[in-house]
Amino acid sequence: MAKNREKFIPSEDQMALWPEVSGNEVNGLGEAKIRRPSPIYWQKPELTPFGPLMKWYRDNQPVDEEYNQVREKAEKIITEKIGPKFPQRQENTAEKWTELVKKVGLNNNGDVIGITRMRPEWVIETFEVPYKTVIMAGVSMNFDNLKRAPGRYSAMEVARQYGRAHEVTNAMATWIHEQGWNAVSYGGSNEVPMLLIPPALECGLGELGKHGSIINRIYGSAFRLGAVVTDMPLITDKADEFGADEFCLICKACENACPPEAISPAKQLVRGVKKWYVDFDKCLPYFNESIGCGICLAVCPYSRPGVADKLIKKYAKRGAWLSKE
Ligand code: B12
């Protein structure tokens, strides 16, 4: 628990690279108006004041063979090109296309697929996203690896699942191309021109947790995202609410376990929306010094296999009882 832990003090060589501006200011903390997010991390270094810290992170990765192998394997998938677009455009109903594209995602290693329409406030400033329909892919993380966070085992799990997310989104984009429609695959973290969490919330992949990540009703917080954007006609999905937001209001697991105390007990106003928000200036230095942290995902009660289902039932019952009052 953070409260019993020694206070985390970031290393001087990392903090020497910290810019003048606060990451919370870049993210629009306290701003009442909806606006597009600014590039902050995992973008081209010249687009963000935190570019030198990204380099610091990369320069301080472990150098052992197993770690390198996992990362190289993921990198190979991540850099693979999607298949060419076929000249003959196939026609089908939106219902049929939706059924087929979801099948392609699920048959190519995806765990959950949802569909929504793009909103301008999801696109990061300085970028454009060419198509209006977003297919979101969710991939689960292995809990036994994740629970060792922070460190090389959970970091390798992150790399593996980035590879898997790319596998899913590349397969769907390639298949869409074969039907003669347009698609772009955004499988992972690097240089994605849009936020992945808001569309995933919108199309039923889960609820936003206190730790700023999505909690899925099956995989809890042990869950990562990728996306495809397309002009193929597809039917959208609805958001999924199963009590996680209410649960986060009383649960303190991630808040107490976060070594730099970056997780707030209350929702905050960020670019016009009141939501759970993680303090960037506190999170990032620890993230950088712990090979990508992940403690908040690991300690979330919903992440432990078998628990999400029980919590959902308990909270559904509570909801039913409350509504009779
Ligand atoms: C930059 C980034 C980071 C940065 C900073 C994040 C930040 N909050 O400032 C750092 C390096 C610190 C980071 C850390 C982590 N990240 Co990160 N990160 C990203 C990335 C590449 C971009 C997000 C971004 O620009 N955020 C900055 C601003 C815009 O943040 P924000 O305004 O607070 O918005 C956040 C949420 O509140 C939500 N959101 C935004 N708008 C709206 C609107 C509404 C209405 C709502 C409800 C929510 C919402 O989405 C944003 C995600 O950070 C995304 C991938 C992507 N393209 O989306 C992954 C991503 C969000 N990260 C992810 C994860 C898991 C982590 C870590 C747990 C690390 C790990 N081991 O995996 C930690 C957790 C720390 C945290 N919660 O902030 C996952 C989340 C998966 C999930 N289950 O939801 C993503 C989606 C990557 C992926 N492909 O799966 N991350």
**Over the range 2-324, volume per residue of the alpha carbon convex hull, in Å³** = 145 Å³
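Give Lys210/Lys282; Lys102/Lys267; Lys7/Lys275; Lys147/Lys275; Lys81/Lys238; Lys147/Lys282 a once-over and call out the pairs whose C-alpha atoms are over 23 Å from each other.
Working: Lys210/Lys282 15 Å; Lys102/Lys267 33 Å; Lys7/Lys275 27 Å; Lys147/Lys275 26 Å; Lys81/Lys238 31 Å; Lys147/Lys282 21 Å.
Checking Cα-Cα distances, Lys102/Lys267; Lys7/Lys275; Lys147/Lys275; Lys81/Lys238 exceed 23 Å.
Mind sorting Cys293, Cys283 by how few other Cβ atoms lie within 10 Å of their own Cβ, fewest first? Please list the in-between numbers first.
Numbers: Cys293 24, Cys283 21.
Starting with the residue having the fewest Cβ neighbours, the order is Cys283, Cys293.
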**Item:** Dipole magnitude of the range 2-324 about its Cα centre (Cβ charges: Lys, Arg +1; Asp, Glu -1), debye to nearest 20
**Value:** 1160 debye
**Item:** Ranked Ser11, Ser290, criterion: other C-beta atoms within 10 Å, fewest first
**Value:** Ser11, Ser290
**Prompt:** Cross-link partners among aspartates and glutamates for Lys96, C-alpha distance below 17 Å, same-chain residues fewer than 8 apart left out?
**Reply:** Glu178, Asp231, Asp237
**Message:** Compute the distance from the alpha-carbon center of the range 288-312 to that of the range 215-266, in whole Å.
**Reply:** 11 Å
**Estimated inter-spin distance, Glu31 and Arg89, nm [label 7 Å along Cα→Cβ]** = 3.6 nm
**Message:** Tell me which cysteines of the chain come out unpaired when the rule is another cysteine's Cβ under 4.7 Å.
**Reply:** Cys203, Cys248, Cys251, Cys258, Cys283, Cys293, Cys300
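Just so you know, all these numbers are worked out from the coordinates, no wet-lab data involved. Keep in mind it's a predicted model, so treat the numbers as computed, not measured. Every residue, glycine among them, receives a Cβ derived from its backbone with ideal geometry; neighbour counts consider all protein chains shown.
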